[in-house]
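Here's the structure we're looking at; comments come further down.
The values are calculated or read from the model by the stated rules, or taken from the named source; none is laboratory data. Predicted model only: the values in this text are computed from it and were never measured. Cβ placement follows ideal geometry from the backbone for every residue including glycine, while neighbour counts extend to all protein chains displayed. What goes into the accessible areas is simple: the full protein's heavy atoms, side chains included, and nothing from ligands, DNA or RNA. Shrake-Rupley method; radii C 1.70, N 1.55, O 1.52, S 1.80 Å.
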Amino acid sequence: MDIKREKTESSSGHDRVVKFLREQLLSGALSAGDSLLPERELSARLGVSRPVLREALRALAMIGAVEIRHGIGTVVTKPDVSIFGEFFTFVLAHQPNVVDDVMQARIAIERQAVRLACRRATQSDYDRLAACLRDISDTIHEPELGGRADFRFHETIVNASGSPTLINIYQSIGVLMQRSHLDRREQIIQVEGIEAFLIDHHRAIFAAIVERDEDKADDLLSRHFEIGADFRRRATIRMVGSQPFAD
C-alpha cells in the first residue's frame, strides 16, 4: 500500500507541475527566456516535494519545454518541433496503414493552408514557390530528388499560410509525409502523362495563390490530390500487368 501511495503522489505531483507550466504559458505569465521560481519556492507553491518537482522538470526538459541551467535555475524554452516529429513518427509507426492516414491529415492541413496563403503570402513566399517549381521541372526524371522538390513546394504553401499551428503540425508529421512523397513518386513516374501533371498542376496552384483566389487554389489542390491518387491506381495496374503469371 505504501508503494502504491507513493506512486500516486508522485504522479499527481508531476501532473501538477506540468499543468502549472502549461497554464502559465497559455496565460502569458511565462514565455521563452523567463526563469521559474527557485525549487524551494516553486515546490512550496505547488504543494509537491522537491524530488517530485525535479523529476517533472527533467521530463519537461527532455521535450524542450524548459532548460535546467546549473547555477542559474530552470528557464522556459521554446520546444524544437523536430522533437515532436520524431515522437509522432514512433507513435504513428505502430498504426496500420499509417501513410494513408497521414495523407488524409496532410490534405486537410494543406487545403486550409492554401486558403490562408492566398491572403497572407508575401513576395518572399512567391519567390520560394517559384524556386520550388523550377526544382520540380529540373528533377522530373529523378524520383528521389523530384519527390523532395514536390514536398518542398507543398511545405512552402503551408509556411506561406502564416499559421504557426498549421506549420507546427505539418512539420511534426513531415518525416512520414516525405516518405510518402518518395514512395509515391517512384510508383507513378513511369505512368504516361505524369510529367505534364506534375509540372502544369503545381504551376496552376502557384498562379492561383499569386492571384489570391482562395476558391480556385483550394479546388486545384483538392483535384491535385485526386488526380495523384488516380495516377497511383494506374501505376498499380501497370505493375500488376507487367508481372508474369506463375504456371
Listed residues Asn159, Asn97, Asn168; largest mean-square fluctuation, Gaussian network over the chain with Cα springs below 10 Å, found at Asn97
Going by alpha carbons, how many degrees (0 to 90, nearest 10) lie between the helix axis of 194-210 and the longest principal axis of the chain? 60 degrees
Angle between the Cα long axis of helix 174-188 and the longest principal axis of the chain, 0 to 90 degrees, nearest 10? 20 degrees
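Of the heavy-atom accessible surface of the chain (probe 1.4 angstrom), what whole percent is carbon and sulfur?
Values: 7790 of 14580 Å².
With neighbouring chains kept in place, the figure for the chain is 53 percent.
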Could you go through region 51-68 in sequence order and give the Karplus-derived ³J(HN,Hα) for each residue, using 6.51 cos²θ - 1.76 cosθ + 1.60 with θ = phi - 60°, rounded to whole Hz, and x for Gly and Pro? x, 5, 4, 4, 4, 5, 5, 5, 5, 5, 5, 5, 9, x, 6, 9, 10, 8
Expressed per residue, the solvent accessible area of region 82-242 in Å² (1.4 Å probe) is about 52 Å²
Check: the chain dipole with +1 on Lys, Arg Cβ and -1 on Asp, Glu Cβ, in debye: 900 debye
Label-point separation, Ile63 to Thr122 (7 Å along Cα→Cβ), nm: 3.1 nm
Label-to-label distance, nm, for residues given as Arg232 and Glu144 (7 Å Cα→Cβ offset): 2.2 nm
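Nothing charged except the Cβ atoms of Lys and Arg (+1) and of Asp and Glu (-1): what's the magnitude of the dipole of region 13-76 about its Cα centre? Round to the nearest 20 debye. Intermediate values should be presented prior to the final figure.
Working: 9 positive and 7 negative charges, 29 e Å.
Rounded to the nearest 20 debye, it is 140 debye.
If r is the Cβ-Cβ distance from Glu39 to Asn168 and R0 is 25 Å, what FRET efficiency results, to the nearest 0.05? Present the calculation step by step, with values, prior to reporting the outcome.
Details: r = 31 Å, r/R0 = 1.22.
Efficiency, from the Cβ-Cβ distance: 0.25.
Å³ per residue of the Cα convex hull, for the chain?
Numbers: hull volume 46.8 nm³, N = 247.
Each residue corresponds to 190 Å³ of Cα convex hull volume.
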What range in the chain is the longest one free of GluC sites (Glu not before Pro) that are in a loop by DSSP and have at most 12 other Cβ atoms within 10 angstrom? 1-191
